[in-house]
Amino acid sequence: MKEMLGLGLKLFIITAVSALVLGFTNSITAPVIAENERIMNEETRKEMLEVADKFEKVDVDKENILEVYKGLKDNEVVGYVIKTATKGYGGDVVVMIGIDSEGIIKRAKVVKHAETPGLGANAKNPEFIDQYSEKNVKMNIEVVKNNPTDEQIQAITGATITSKAVTKGINAAVNLFNNELNQ
C-alpha cells in the first residue's frame, strides 16, 4: 500500500511539472502563432484579390462565414475577400475566396483542412481549386463527378464530400456577396 502511494505521488509530481512546462510554453508561443496566422491571412487576402492595395474588415454574422474583408484601391472598393468554413470529411474545410466588384471569383484557396491525405487533401491542388477562378457569382456552382458545364466543378476522385464542402463554402461567399455586399 505504501509503495502504491509513493508511485501515485511520483506520477502526480511528473504530471504537474509537465502541465506547468506545457502551460509556460503555450504562453510564450501563443502570441507568435497568432501573429504568424495574421500575416498568413493578410498575404492570402492579397493573393485572392491582387488589385487591392489595402483591406478593411467588414462585420458579418452569417453561417459558414468566418471573415469578410473589403478590398480597396485608391479608397475605391475593388472587391471582397471572404473566408468560409464548412464541414468536410475530416472536419472543417476553410476556404478563402476573392470576388472582384464585377462579381467574378478571382481566386479561391483552401487555407486549412483535416481531410484524408491523397484524397480530400487534393482540394488544395491547382487542378481542383483553380476550377472556381473566373466563375461569375450569378451562377450557383455545383459539383459533378463527370463532364462539368460552366457552372459546375469536377469533383475530386474519391473525395466528393470534400469537393462539396469547398463548393458549399464558395457558394456561401457568393450568396453573401450577391445579397449583402454588392448592394
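Data table
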quantity: For the stretch 15-100, convex hull volume per residue from C-alpha positions, Å³; calculated: 134
quantity: With Cα atoms, 0 to 90° folded angle of helix 2-48 axis to the chain main axis; calculated: 20
quantity: Gaussian network model of the chain, Cα within-10 Å springs - most flexible of Lys87, Lys109, Lys62; calculated: Lys62
quantity: GluC sites (Glu not before Pro) restricted to DSSP loop in the stretch 82-161 with at most 13 other C-beta within 10 Å; calculated: Glu102, Glu134, Glu151
quantity: Check: the chain dipole with +1 on Lys, Arg Cβ and -1 on Asp, Glu Cβ, in debye; calculated: 660
quantity: Total formal charge among the other residues, if their Cβ is under 13 angstrom from that of Glu67, Lys/Arg +1 and Asp/Glu -1; calculated: +2
quantity: Under the Karplus curve 6.51 cos²θ - 1.76 cosθ + 1.60, θ = phi - 60°, whole-Hz ³J(HN,Hα) for the stretch 115-128, x wherever Gly or Pro sits; calculated: 7, 5, x, x, 10, x, 4, 5, 4, 7, 5, x, 4, 9
quantity: When each of Lys124/Lys145; Lys46/Lys145; Lys87/Lys145; Lys54/Lys83; Lys83/Lys135; Lys73/Lys164 is checked by Cα-Cα distance, pairs over 28 Å; calculated: Lys46/Lys145; Lys73/Lys164
quantity: Cα centroid of the stretch 149-182 to Cα centroid of the stretch 115-131, whole Å; calculated: 14
quantity: Under 18 Å from Lys62, Cα to Cα: aspartates and glutamates that are on another chain or at least 8 residues apart; calculated: Asp92, Glu180
quantity: Choice from Ser18, Ser133, Ser101 showing the highest fluctuation, given a GNM over the chain with Cα pairs closer than 10 Å; calculated: Ser18
quantity: Equivalent ellipsoid dimensions for the stretch 49-181 as semi-axes, Å, which come from the Cα gyration tensor, largest first; calculated: 25, 15, 13
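Each reported figure results from applying straightforward, stated rules to the coordinates on display, with no laboratory input. If you're wondering where the values come from, they're calculated on a predicted model, not measured in any experiment. As a convention, Cβ positions derive from the backbone with ideal geometry for all residues, glycine included, and neighbour counts pool all protein chains shown.
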